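The values are calculated or read from the model by the stated rules, or taken from the named source; none is laboratory data. No experiment lies behind these values; they were computed from the predicted model shown. Every residue, glycine as well, gets a Cβ built from its backbone with ideal geometry; the counts of neighbours run over all protein chains shown. The accessibility values were calculated without ligands, DNA or RNA, using every heavy atom of the protein model including side chains. Shrake-Rupley method; radii C 1.70, N 1.55, O 1.52, S 1.80 Å.
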Amino acid sequence: MSNKPAALPHIKVLDLSRVLAGPWCTQILADLGADVVKIERPGAGDDTRHWGPPFLKDAQGNDTEHAAYYTCANRNKRSITVDIAKPEGQALIRQLAEQSDVLVENFKVGGLAHYGLDYASLKQVNPKLIYCSVTGFGQDGPYAERAGYDLMVQAMSGMMSITGRPDEVPGGGPQRVGVALTDIFTGVYASTAILAALEVRHRTGEGQHIDMSLLDVGMAILANQAGGFLNTGRVPQRQGNSHPSLVPYQDMPTKDGAMLLAIGNDGQFTRFCEVAGRPELAQDARYASNTQRVLHRADLVPQLEAITRTRSTAEWIAALEHKAVPCGPINDIGQAFADAQVQARGLAIEQPRSPQAVAAEGVPTIRSVASPLRLSATPPVLHRAPPALGEHTEEVLAGLGLDAGRIAALRASGIV
């Protein structure tokens, strides 16, 4: 993205995670310039390499057998294949851990202890190692042994109970968020914890263990909904696209579809009413303050819907954007990437792949969403497209001091 120096080029990360939460964390670090070595299973790789359709396209536009899912969380990394179930593979991981600053894994609790690759074991070979474990339910508690997945946590945490339309409305019922939100947020929180641990290490010279739980994160990101319950005892309910504490703050019908109207204060409501030709609504005692608008939601919203149906979405946006009244289109993802602001910010990026990766998978380029981290002096980097399975095995092992003969022997025995 820039010729400026990266933020973390001195940090080496050993990535033993799969699927989304762990890889999302390590991609954040990789985007910031860290050298991330991703350990994958020989012959199979990360589970998401096979989670398709959709599949990546070859140069002729035909589907390959390589899933697009993998690309969302694995750019800027080097991939090597190692069988950690075998002693020789475990020895390689220990060598890599000895030279690493950070290790990220998402095995079940105690899973890596069987291989001598748990924090207690690796701390002996590298006391400075920051070891981040990502699990469904954390390292302790009655559910610690259980496998945990994003959808399960969305259900257990209450996230699904506040997402979707009320039961009495057509199409009502609990809904999951359209992306694996708890996985993604766990990756973001994990990267924050790792950066904090690196700062602590500057002072103490010692690493530490980080215990990241999808359930912990799922509860944390309930945010104002959790705050409301904890301080009042009232259980929040589903209410579609409307907001529990703001009115109007929801989707509104227009002449040609719908728009999102997000009024967050009384001044915005007054300006909306002026543009709508109904200034008296803002003077009505039932609607003059946000608290009153929330209390009289059922009376106000139908009146506003009748008004918003009189103009097209584009007409409302044009009329309101210069009045500092937040509103916008309800885009599909294709429309979102075609948006002028999204394009101006360069949020869709394309990376050419190495000749080795093209030969292995037949996919010449990969597109992904740019990092949203905009640091003026040390912006994110684009070193590598998401790698082919094991693309950097020889390179990384040679960096450990293994010669070509030793690497060939490891490959022949199925260790790598």
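Of note:
- From the options G178, G207, G187, G240, residue that is within 22 Å of V109 (Cβ to Cβ) and part of a loop (DSSP other than H, G, I, E, B): G207
- Evaluated against (1) among the hydroxyl-bearing types (S, T, Y); (2) over 20 Å from the mean Cα position of the chain (by Cα); (3) farther than 19 Å from L14 by Cβ, T393 falls short on exactly one condition, (3).
Matching residues to (1) within 19 Å of Q27 (Cβ to Cβ); (2) touching a Lys or Arg at 6+ places or on another chain (Cβ under 7 Å); (3) open to solvent by less than 70 Å² (accessible area, probe 1.4 Å); (4) not in a helix (DSSP H, G or I):
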| position | (1), (2), (3), (4) |
| --- | --- |
| W316 | no, no, yes, no |
| Q351 | yes, yes, yes, yes |
| A359 | no, no, no, no |
| V381 | yes, no, yes, yes |
| P387 | yes, yes, yes, yes |
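- One residue stands out in the range 20-49 among those that are open to solvent by less than 40 Å² (accessible area, probe 1.4 Å) and of a type in the set (G, A, S): the one that is nearest to L117 (Cα to Cα), namely G22.
- Residue among Q335, Q292 that is part of a helix (DSSP H, G or I), open to solvent by 50 Å² or more (accessible area, probe 1.4 Å) and either over 18 Å from D266 (Cα atoms) or aliphatic (A, V, I, L, M) (or both): Q335
- Any pair with Cβ under 7 angstrom, 6 or more apart, that starts in the range 210-231 at a residue that is under 18 Å from E145 (Cα atoms) and modelled with pLDDT of 95 or more and ends at one that is open to solvent by 60 Å² or more (accessible area, probe 1.4 Å) and not in a helix (DSSP H, G or I): D211/Q139
- Members of the range 390-412 that are assigned to a loop (DSSP other than H, G, I, E, B), in contact with a Lys or Arg (Cβ under 8 Å, 6 or more places away or on another chain) and under 19 Å from Q90 (Cα atoms): H392
- Filtering the range 4-19 to residues that are open to solvent by 20 Å² or more (accessible area, probe 1.4 Å) and touching an Asp or Glu at 6+ places or on another chain (Cβ under 6 Å) leaves K12, R18, V19.
- Of the residues making up the range 43-55, at least one is over 25 Å from the mean Cα position of the chain (by Cα) and over 19 Å from P352 (Cα atoms).
- Only a single item in (1) open to solvent by 60 Å² or more (accessible area, probe 1.4 Å); (2) over 30 Å from A7 (Cβ atoms) is not met by L410, and it is number (1).
- Test: residue in the range 152-165 that is assigned to a loop (DSSP other than H, G, I, E, B) and either of a type in the set (V, I, T) or over 30 Å from H243 (Cβ atoms) (or both): yes
- In the range 126-146, the residues that are farther than 13 Å from V217 by Cβ reach residues that are assigned to a loop (DSSP other than H, G, I, E, B) and among the basic types (K, R) with C-beta atoms within less than 8 angstrom, at least six apart or across chains, in these pairs: E145/K108.
- Only strands (runs of 3 or more DSSP E) whose full extent lies in the range 1-112 are considered here, and the ones with at least 2 residues that are closer than 24 Å to F137 by Cβ are 12-16, 102-105.
- Residue within the range 168-183 that is among the charged types (D, E, K, R), at pLDDT below 95, open to solvent by 70 Å² or more (accessible area, probe 1.4 Å) and more than 20 Å from I11 (Cβ to Cβ) present: yes
- Taking the numbered list (1) open to solvent by 50 Å² or more (accessible area, probe 1.4 Å); (2) under 30 Å from P372 (Cα atoms); (3) of a type outside the set (D, E, K, R); (4) over 34 Å from the mean Cα position of the chain (by Cα) in turn, Q283 passes all entries but (2).
For (1) open to solvent by 40 Å² or more (accessible area, probe 1.4 Å); (2) at negative phi; (3) modelled with pLDDT under 95; (4) in contact with a strand residue (DSSP E or B) (Cβ under 8 Å, 6 or more places away or on another chain), each residue gets a yes or a no:
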site: L56; (1), (2), (3), (4): no, yes, no, yes
site: A67; (1), (2), (3), (4): no, yes, no, yes
site: A73; (1), (2), (3), (4): no, yes, no, no
site: I84; (1), (2), (3), (4): no, yes, no, yes
site: G89; (1), (2), (3), (4): no, yes, no, no
site: L92; (1), (2), (3), (4): no, yes, no, no
site: Q95; (1), (2), (3), (4): yes, yes, no, no
